[in-house]
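Student: Here you go, one structure.
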Amino acid sequence: MPAILSDTPLNYAQAEADLGRFKRWIGSNPRFGEREVVRELKKYDHLCLLMSFLGTRGKPDLFKHEFEIQGVFRADYIAGSRNTRHFTLVEFEGGEENSLFGPGHTNQMRDWGHQVQHALGQIVDWSWALNDAQHSKTLQNAIGFTEFSRTYVVVCGLNETMDPTEISRLKWLSDHCTVTDTKVLFMTFEDLVLHFEGELDVYRAAREEARGELSGG
């Protein structure tokens, strides 16, 4: 069966409540594996929809956890906007000591961690499969469109496990990595929380401005 996307318009109030719960979970789990965090994020549909804004400004209304691509590869999450026809495909990894770097090292610098390398390999495979399936009825039925653009996102690791040089290396990777002209963003789980907070701040500011206009302020 095709992996039909869920049709759920973003509810900002619910996303705010979800964020509080997710931050408490992060605070009580100093280290965690991929399965644990994926299981937790599945509880927060409206919060996760905010990840669509990593790729487009259209209000997100389509998503799916564990989105299968041609029945062979699987993205942990996909979210997008029907209006912009842009989708953000996300690969989650763990928040562990060596998720981003190590334990191996050369020349006084740690090697990229296995989880980062695995995530990048996953995205290369997604790109290949999506290109190979671009005229597939199965993919068109799953997405809902014959043509769409996309952004890839890897969420992996924690800031506190990196030294300043490693933080710079991760930022460089995120700023410059593309796969077949498609942007690949790399972010830690703290970065993800900051993204959620930033999107909700924009919403709150717009809400307060609208209230001021209604009250004649």
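Student: Relative to the present Cα-Cα distance, how much length would full extension add between Gln14 and Val193 at 0.36 nm per residue of separation? Provide the component values of the computation, followed by the final result.
Tutor: On the way: separation 179, 0.36 × 179 = 64.44 nm, distance 1.54 nm.
Length gained between Gln14 and Val193: 62.9 nm.
Student: Return the label of the correct value of Kirkwood radius over Cα pairs in Å, as calculated from the structure shown, out of (1) 18.2; (2) 19.1; (3) 17.6.
Tutor: Comparing each candidate, only (1) matches the computed number.
Student: Output the peptides 21-29, 186-194 sorted from most to least packed, where packing is the average of other Cβ atoms within 10 Å over each peptide's residues.
Tutor: 186-194, 21-29
Student: Also, I was wondering about something else. In terms of the Cα gyration tensor, with a ≥ b ≥ c the square roots of its eigenvalues, is the stretch 49-109 rounded because a/c is under 1.5, prolate because a/b exceeds b/c, or oblate?
Tutor: Details: a/c = 3.28, a/b = 2.07, b/c = 1.58.
Prolate, because a/c is 1.5 or more and a/b exceeds b/c.
Student: For a Förster distance of 30 Å, can you work out the FRET efficiency between the beta-carbons of Glu36 and Glu209, rounded to the nearest 0.05?
Tutor: Once the sixth-power term is evaluated, E becomes 0.20.
Student: Considering only DSSP beta bridges where both residues belong to the chain, give the percentage that are antiparallel (nearest 5).
Tutor: Around 65 percent of the beta bridges assigned by DSSP in the chain are antiparallel ones.
Student: Related question: Based on DSSP H runs of at least 4 residues, each adding -39500 (n - 2.57), what is the mean residue ellipticity at 222 nm of the chain after dividing by all its residues, to the nearest 500 deg cm²/dmol? Don't skip to the end; give the middle numbers.
Tutor: Working: 7 runs with 95 residues, N = 217.
For the chain, the value works out to -14000 deg cm²/dmol.
Student: Which shape class applies to the stretch 12-101: rounded if a/c is under 1.5, otherwise prolate when a/b exceeds b/c and oblate if not, where a ≥ b ≥ c are the square roots of the Cα gyration tensor eigenvalues?
Tutor: oblate
Student: Please arrange Asp7, Asp181, Asp111 by counting, for each residue, the other beta carbons lying within 10 Å of its beta carbon, fewest first.
Tutor: Asp181, Asp7, Asp111
Student: A follow-up question, please. Name the residue, out of Met109, Met51, Met162, whose mean-square fluctuation peaks in a Gaussian network model built on the chain with Cα pairs under 10 Å.
Tutor: Looking only at Met109, Met51, Met162, the largest GNM fluctuation is found for Met109.
Student: Where is the GNM fluctuation largest for the chain (alpha-carbon springs, 10 angstrom cutoff): Ser99, Ser52, Ser127?
Tutor: Of the options given, Ser127 has the highest mean-square fluctuation.
Student: Considering only C-alpha atoms, what is the centroid distance from the stretch 1-42 to the stretch 132-199, in Å?
Tutor: Their Cα centres are 17 Å away from one another.
Student: In nm, give the distance between the simple-model label positions of Lys43 and Val72, each being 7 Å from the Cα along the Cα-to-Cβ direction.
Tutor: About 3.6 nm separates the two model spin labels.
Student: Which value, in debye to the nearest 20, gives the size of the charge dipole of the stretch 70-215 about its Cα centre, when Lys and Arg are +1 and Asp and Glu are -1 at the Cβ?
Tutor: Here the stretch 70-215 has a charge dipole of around 640 debye.
Student: Using a 10 angstrom cutoff on alpha carbons, build the Gaussian network for the chain and name the most mobile of Asp45, Asp163, Asp175.
Tutor: Asp163
Student: Another question, then. Among Trp172, Trp112, which comes first, second and so on when ranked by fewest other beta-carbon atoms within 10 Å? Let's see the in-between values first.
Tutor: On the way: Trp172 11, Trp112 17.
Ascending Cβ contact count within 10 Å gives the list Trp172, Trp112.
Any read-out appearing in this document is the output of simple, stated calculations on the displayed coordinates, not a laboratory observation. What you see is a predicted model; the values in this text were computed from it and never measured. Using ideal geometry, Cβ is built from the backbone for each residue, glycine included, and neighbour counts are taken over all protein chains shown.
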